[in-house]
1. Please give me the summed charge of the neighbours of GLN251: other residues whose Cβ is under 11 Å from its Cβ, Lys and Arg +1, Asp and Glu -1.
2. Under a cut-off of 17 Å between alpha-carbon atoms, report the lysines in cross-link reach of LYS408, not counting same-chain residues fewer than 8 places apart.
3. Counting other C-beta atoms within 10 Å, which of ARG443, ARG90 has the fewest, and how do the rest follow?
4. Using a basic spin-label model with each label point 7 Å from the Cα along Cα→Cβ, how many nm lie between GLN344 and ASP57?
5. If r is the Cβ-Cβ distance from GLU260 to SER72 and R0 is 56 Å, what FRET efficiency results, to the nearest 0.05?
6. Going by C-beta contacts inside 10 Å, put HIS298, HIS649 in order with the fewest on the left.
7. Using the scaling law 2.2 N^0.38 Å as the reference, what is the normalised Cα Rg of the stretch 356-493?
8. Output the direction-averaged projected area (hull surface divided by four) of the convex hull of the alpha-carbon atoms of the stretch 623-693, in nm².
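Read the figures in this text as sums done on the coordinates, not as results from a lab. Because the structure is a prediction, the values reported are computed rather than measured. As a convention, Cβ positions derive from the backbone with ideal geometry for all residues, glycine included, and neighbour counts pool all protein chains shown.
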Amino acid sequence: MDKDVFSLCFMCSVRCPIKVGVKDGHVDWIQGNPHVAGINGSLCPRGSAGKSMLLDDQRPQTPLIRVGDRGSGNWRKATWDEALDYVASRLKEIRETHGGQAIALGERAQLSTHVSKAFLKALGSPNHFTHDALCKGSMNTACRSMFGYTDGQMGINYANTRHIVLYGRNIFESINVKEVNTLMDALEKGAKLTYIDPRVNVTAGKAHRYWMIRPGTDLALNYALMNVIVKERLYDAAYVDKWVHGFNVVQDFVKEYTPEWAEKETGIPAGEIKALAREISNVKPGVIFHYGYRCASHRNEIYIRRSILMLNALMGSVEAKGGIFFKKGPGAEGGKPARKLTEQVFPEITVPRFDKVGTPDFPLPDPAHGVPQILPYAILNEDPYPIKALINYRLDTLMSIADTNNTKRALDKLDLIVSIDINYSDIAWYSDVILPESTYLERTDCIQQMNGLKPMMFLREKAVEPRHDTLEGPIILKRLGERLGIGDYFPYETMDELVDWQLEGTGFTRADFAEKGFVSYGKSQIFWDRNDLPFKTPSGKIEFKSSLLEDAGFPSFPPYESPSVPAEPDKQFRLVVGRTALHTHISTQNVPYLNELMSENVLWINKEKASDLKIQDGTMVEVASSCGKGRIEAFVTDLIHPEAVFMAHGFGHEAKKAARSYNRGLSDAVLQENVYDKVGGSPAFHDTFVTVTPV
Ligand SMILES: Nc1nc2c(c(=O)[nH]1)N[C@H]1C(S)=C(S)[C@@H](COP(=O)(O)OP(=O)(O)OC[C@H]3O[C@@H](n4cnc5c(=O)[nH]c(N)nc54)[C@H](O)[C@@H]3O)O[C@H]1N2
Ligand SMILES: Nc1nc2c(c(=O)[nH]1)N[C@H]1C(S)=C(S)[C@@H](COP(=O)(O)OP(=O)(O)OC[C@H]3O[C@@H](n4cnc5c(=O)[nH]c(N)nc54)[C@H](O)[C@@H]3O)O[C@H]1N2
Ligand code: SF4
Ligand SMILES: [Mo]
């Protein structure tokens, strides 16, 4: 029988709405959900390769228990009862001997995050962490410091913008389909795009203005933009007067940071900096200085992100059409959100988190997410206490935390490593037990609450039956919970029952999703009244002078520090990394269609520098840092700043059974030092220098 199923893509965590054509019980065709504005049927290459992922048999097909050494790839197949009994008995032992806090669970925040959070809370562990800090922790902290809201509670109104400035936000390759489509439409209607990146990529190619900035100097550029804006009174005076707390401090602070000074620091001509400030001021407030996406580059990341938010506030673009806005939840329409298992009452937990977030040692990062890159240090130093078990749930702690060798040393100290995954990821390969989840096309998932200008709910609906002996994550955790005596926290037997439980009290039922795959709480877009903005900071204003930072002993405006330079500038480069349109982080390199399009990464290196080092295009080079090294092919180009080399993240896999991607290319995490922004919480992925030598 043929049918169309509305669901949500999960080839990456953007979760675009999709329509899956099913023929005789098999996936025939996947396209974007045509009913969703901005999607209109389209998908990115990875979303289109969903069927290839589903049909790939180089994935775990049953629960697996390790029989050889960790990482040796020797497994025995197990039934679900066997595997879950095994994991539960080990967790029980660990909990009895070391306390619930000895169990940590990390995940890429997703639809069933409330289930795994409930699981850990019920076990008495504070150690749930998400990918958030690895991606943009300092942005989260920066937003709270300025507005009292997290970045997750904010959105960008691409559709109506007149000018958008992107700082290394490679929007046309690091994709969110709706954003790409909406921005392309806005550009067609006349919006201007300014792109700033030490590397010429696809987004640079589509920009009206492109600046090859010296890597690590965006803060200098922003201080100079503010200098011009203040000096020439280019800001939205009425808005600033009403809503900005600490404008006088900024006025004084930016005086010394002239465009001429910034030119020397960034390589961008002073005249051009002035021109941008003037041009953008002319079309305010419908302008965007893009504050994301991946804000995990430097040790001073929080100050870079705050400076971007300040530029928006100076233009009056916060909560403006064509600017940035705060997402509206169901409450704005008198509705109720989907229920979460975390709303239940749990035993009180008094021990600190492993990362000490929320304590005076690390006061500012968001405790709802934690700081994953601390985990290896916490395990190695048993500080603040021993961690003995790690559950990886859709997060590869080996490839997604910097310094893989260090992480491995830490993992080796654990009594139990479990992965709930769909792939032989490197972390699954290094685990003691793999619990395979059904893929997104084979499972119904928890409700997606989509707050925004128009609050909505979406549903990931199972399109086909699982091909292998796999289960849904929330069912895996429930069955483990039952074995650990915490089964009562999981009031469902099936995903359908869990979804129905979530919808209770919302006024919607499962049937309401059938027609289009989503439900809307209201009809119109909601912007707040700009005369009555509910900022959640102590001053009720946008805090340039931040009480969050200053109460914790950090300055709102530290003096600018130039990025460090390597000891041997002729041979050493700043390693910068990023995505490609064809892959998702570390998880799609083995998908047959995508592997065919791109099976390994290369090292972008500046032509003149390469010539000095006798490196030609295609030469195999060794790249080495203080913590690791590896080999990769050079891509010699004049499209990258001479101080930087670039490689795509996510290659150089170690799992042999994922044979297409095994040992192809080089993993950035092997090279990157595990250093981070100690105020905001992000890793500093771009603060490692590498030497490059031909082999
Ligand atoms: N070195 C380095 N580290 C980084 C980055 C970097 O550029 N370099 N980038 C950072 C950023 S921005 C982010 S967002 C994070 C992302 O970090 P991760 O979340 O670790 O990366 P992903 O590739 O999204 O996938 C993680 C895992 O989810 C599994 N998976 C995919 N689909 C499913 C599913 O349906 N169910 C289950 N159970 N598992 C599934 C994949 O097989 C993979 O093992 O990494 C961060 N870490
Ligand atoms: N195809 C695809 N799309 C994705 C993802 C994916 O894995 N694949 N992942 C999603 C996720 S989780 C995220 S976080 C986003 C990431 O989306 P983006 O933040 O757009 O991220 P990256 O691809 O990491 O691109 C980083 C860019 O920053 C540049 N850069 C390096 N140093 C500097 C610097 O000092 N200054 C400036 N201005 N630029 C610099 C790099 O050259 C690179 O082009 O993408 C999302 N979309
Ligand atoms: S951006 Fe691409 S891979 Fe990610 S959810 Fe959307 S279609 Fe899927
Ligand atoms: Mo990310």
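1. +2
2. Within reach: LYS388, LYS629.
3. The most exposed by this proxy come first: ARG90, ARG443.
4. 4.0 nm
5. Using R0 = 56 Å, I get an efficiency of 0.40.
6. So the residues, fewest neighbours to most, are HIS649, HIS298.
7. It is 1.22.
8. In nm², the orientation-averaged hull projection of the stretch 623-693 is 6.1.
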